[in-house]
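Inspection log for the structure reproduced underneath, given as structure tokens.
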Amino acid sequence: MKKNKLISFASYLFDHLFFLCCYGAAAMLIGGLLWLIQVRGIFILFAELILAAAVFAPLLLDFLRRRGFYAALYRLLETLDQKTLLGEISMTPSFLDGQILLDLLRGINKYQNDRLASMEGEILDYREYVESWVHEIKTPIASARLIAENAKNPATLRMEEELQRIDRYVEQALYYARSASAEKDFRVEPTSLKFLVTEAIKTYSKPLIRTRCQIHMENLDLPLHADIKSCAFLIGQILSNSIKYRKDDFHLTFQGQRTANSVQLSITDNGIGISKRDLPRIFDKGFTGEHGRTFPKSTGIGLYLCKKLCDNMNIQITAESAPNAGTTILLTFPEESFVFSSCL
């Protein structure tokens, strides 16, 4: 429990130091007056003890009341998921300044809750706008791709590839807008590692062909339950990074493995790799690391979205890499019961 000065009786007495000094001065003055009028020492002692009891008993009672209230307040704060509800559900104390403090806390909490509700409404409106925009923008992109396919020449072929890139970035924007509540759109169904990898490769087929990538698949005929669309997007983001940070002799290896409670997919490239310093932060939002200076188009969003999707789908994602030694991304898909429980 978080410490607070009133939990210690010594700190409570120190907070009342001026009062105690006044009491000490009064006790000495009363004792001196009784001695001057020749009251027996034993009676002077009794009078001082009675006066001390009359002072310290209320102080002790007040300390116990305050310690109980503030200790309960701290315990309640630690157990609450929504911290702004603290003022609403805490008990009203029996001492005046505690009541004033709680009243102020409730006013602040109400203000904060109103602001949060307003911001959540604005975020929901923004997400709905982005989703609507994405669906609207896909129509002219599809039309432009159709025009390019019907009038094939070197320029339209290049334009078609750029339109595919735009389409992938639009899809990334959609997943980013949905990232806070992506689990609401999940549809878990039976599939296999091979199908997920194939779907992702189809999306990136042209840049993979252009870069003359050699693809190796090992042991991918492993069944699992997953959201096909989201997992294909997830693998596609990893492919996008491999393409972006490739070397001349570009290789990609997809390897599957079954363990006791999961199915694992490793995606290995022979690219430029990641430094040891940057590796722990590659899933952070907006982090581009050393390669961000070499590749100015890097945004640091792709792997961040991968981590968000994996957390929502109960998939574990890890990375191993070294400079000029390629990168391996390991996706661990849980068994069926864990997948369904995480999406409920």
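Among the residues examined, Ala71 does not qualify as over 18 Å from Leu101 (Cβ atoms) and of a type in the set (Gly, Ala, Ser).
Among the residues making up region 15-52, those that are open to solvent by 100 Å² or more (accessible area, probe 1.4 Å) and closer than 23 Å to Arg66 by Cα are Asp15, Phe18.
In region 1-11, which residue that is open to solvent by 50 Å² or more (accessible area, probe 1.4 Å) and part of a helix (DSSP H, G or I) is modelled with the lowest pLDDT? If we take residues in region 1-11 being open to solvent by 50 Å² or more (accessible area, probe 1.4 Å) and part of a helix (DSSP H, G or I), then Lys5 is modelled with the lowest pLDDT. Of the residues screened, Pro280 is not one that is open to solvent by less than 60 Å² (accessible area, probe 1.4 Å), of a type outside the set (Ser, Thr, Tyr), in a helix (DSSP H, G or I) and at pLDDT 85 or above. Only helices (runs of 4 or more DSSP H) whose full extent lies in region 12-120 are considered here, and the ones with at least 1 residues that are out of contact with any helix residue (DSSP H, G or I) (no Cβ under 8 Å at 6 or more places or on another chain) and either closer than 30 Å to Arg178 by Cα or free of Cβ contacts under 8 Å to residues at least 60 places away in the same chain (or both) are 17-36, 41-79. Taken over region 251-261, the criterion of being at pLDDT 90 or above and either crowded, with 17+ Cβ neighbours inside 10 Å or not in a strand (DSSP E or B) (or both) is satisfied by Leu252, Phe254, Gln255, Gly256. Exactly one residue out of Ala173, Ala148, Ala155 is among the small types (Gly, Ala, Ser) and either outside any helix (DSSP H, G or I) or closer than 30 Å to Glu128 by Cβ (or both), and it is Ala173. Only one entry in Thr203, Thr198 is within 26 Å of Gly286 (Cβ to Cβ) and open to solvent by 20 Å² or more (accessible area, probe 1.4 Å), namely Thr203. Is it true that Ile30 is more than 49 Å from the chain's Cα centre (by Cα) and either under 30 Å from Gln172 (Cβ atoms) or not small (Gly, Ala, Ser) (or both)? So Ile30 passes the test. Considering the conditions (1) open to solvent by 30 Å² or more (accessible area, probe 1.4 Å); (2) among the hydroxyl-bearing types (Ser, Thr, Tyr); (3) more than 16 Å from Leu303 (Cβ to Cβ), Thr191 is excluded by exactly one of them, (1).
So that you can scan it fast, the table gives a plain yes or no per residue for (1) buried (at least 17 other Cβ atoms within 10 Å of the Cβ); (2) modelled with pLDDT of 80 or more:
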position	(1), (2)
Glu128	no, no
Ile137	no, yes
Pro140	no, yes
Leu146	no, yes
Glu171	yes, yes
Leu174	yes, no
Arg187	no, yes
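The condition of being closer than 19 Å to Gly326 by Cα and aliphatic (A, V, I, L, M) holds for only one of Leu220, Leu208, Leu196, Leu224, that being Leu208.
Every residue, every condition in (1) acidic (Asp, Glu); (2) touching a Ser or Thr at 6+ places or on another chain (Cβ under 7 Å); (3) surrounded by 11 or more Cβ atoms within 10 Å (Cβ to Cβ), yes or no:
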position: Glu120; (1), (2), (3): yes, no, yes
position: Glu131; (1), (2), (3): yes, no, yes
position: Ala155; (1), (2), (3): no, no, no
position: Leu163; (1), (2), (3): no, no, yes
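The values are calculated or read from the model by the stated rules, or taken from the named source; none is laboratory data. Just so it is clear, the model here is predicted, and its values are computed rather than measured. Here Cβ is always computed from backbone atoms with ideal geometry, including for glycine, and neighbour counts include all displayed protein chains. Note: accessible area is taken over every heavy atom of the protein model, side chains too, but ligands, DNA and RNA are not part of it. Shrake-Rupley method; radii C 1.70, N 1.55, O 1.52, S 1.80 Å.
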